[in-house]
Structures are given as structure tokens and as C-alpha cells.
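The values are calculated or read from the model by the stated rules, or taken from the named source; none is laboratory data. All of these numbers come straight from a predicted model, not from anything done at the bench. All Cβ positions, glycine included, derive from the backbone under ideal geometry; neighbour counts span all protein chains shown. The protein model used for the area step is the full one, side chains on, heavy atoms only, and it has no ligands, DNA or RNA in it. Shrake-Rupley method; radii C 1.70, N 1.55, O 1.52, S 1.80 Å.
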Amino acid sequence: MEKYTGSCLCGAVHYELNGAIGEIVQCHCSKCRKANGTAYATNAPIAKADFKLTAGEDVLKRYASSAGTQRCFCGNCGSPIISIKADTPDFYRLRIGTLDTKIAQSPVCHIFTASKAEWEQIADDLPQYAERP
Ligand SMILES: [Zn+2]
Ligand SMILES: [Zn+2]
């Protein structure tokens, strides 16, 4: 069985993932850009049942960036960890950059390219979707 671990920048939040990482996407939506301070966020779905916080429950903060979406991040250092969508309660979207374990997968596509930053050039051949596939 697949097993991964990850943590935030300051090390207060640690998690384990005991299961598969779904398809990794590069999300260029304006909310991910703001949340990360970057051109895009690298996210993948994981089963809620596979995810376990092993440290930092007390510092993890939640922000509702829209009615149905909560973004969970470290309240000490600001690292985004997961997002939770009300319409897919059995899944979280993991911020892949927080993994400490190496993975064999790589991103499969770009989403929300209609709202990508005007200064960003997408420099790979992965499929691009204006919003979702
Ligand atoms: Zn932290
Ligand atoms: Zn996004």
C-alpha cells in the first residue's frame, strides 16, 4: 500500500497519507495563485479516509475561499496543506508541494488556464483546460 508523509514549512503540521494520490493538476485559478503566491498550485485528490494529521491539529487553520471550499493551512507559517470541497466530502485536495516522500507521479494537466497570470508562460505539452476538463 502506498504511504506518504508531508509537512508544512515550519514543521508544526505533519500528516500521513495511507493510500493513493490521484491525478495531479496544475491549477492556475486566481484563488490558488493568491493562496500560494505563485503562478499555480499543484494539487491532487486523496481519500479523506487515507489522510491523517500526525501533528499540528491545533495550528491548522481553515479559510472558506468560497461557499463550498475550505482551504486548510498552517497558522504558524501559512503553508497550504489541503482543501475541502462540500460537494466531494470523501476527498481532500492535497497540496503536493508539502510532501516529504518522493513520488513517481507527475502532473497530468493544467486547469483554469483562462485565469492564469498574464506573465506566466506554460512551457510543457500537458493538456490545458480553460476551467475543468
Ligand atoms: Zn507551519
Ligand atoms: Zn485553483
Filter the stretch 20-34 down to residues that are over 9 Å from K116 (Cβ atoms) and buried (at least 16 other Cβ atoms within 10 Å of the Cβ), then give me how many there are. 8
Report the residue count in the stretch 53-78 for those that are out of contact with any Leu (no Cβ under 8 Å at 6 or more places or on another chain) and either open to solvent by 40 Å² or more (accessible area, probe 1.4 Å) or within 14 Å of ligand 1 (Cβ to nearest atom) (or both). 14
Residue list for the stretch 23-44, filter: within 11 Å of the chain's Cα centre (by Cα) and closer than 22 Å to D125 by Cα: I24, V25, Q26, C27, C32, Y40, A41, T42, N43, A44
Unique match (being under 16 Å from R93 (Cα atoms) and within 16 Å of ligand 2 (Cβ to nearest atom)) among G37, G6, G22: G22
Mind checking which residues of the stretch 92-130 are among the aliphatic types (A, V, I, L, M), closer than 20 Å to P80 by Cβ and touching a Ser or Thr at 6+ places or on another chain (Cβ under 9 Å)? L94, I96, L99, A117
Across the stretch 90-119, which residue is farthest from ligand 1 (Cβ to nearest atom) among those that are open to solvent by 70 Å² or more (accessible area, probe 1.4 Å), in contact with a helix residue (DSSP H, G or I) (Cβ under 9 Å, 6 or more places away or on another chain) and not in a strand (DSSP E or B)? D90
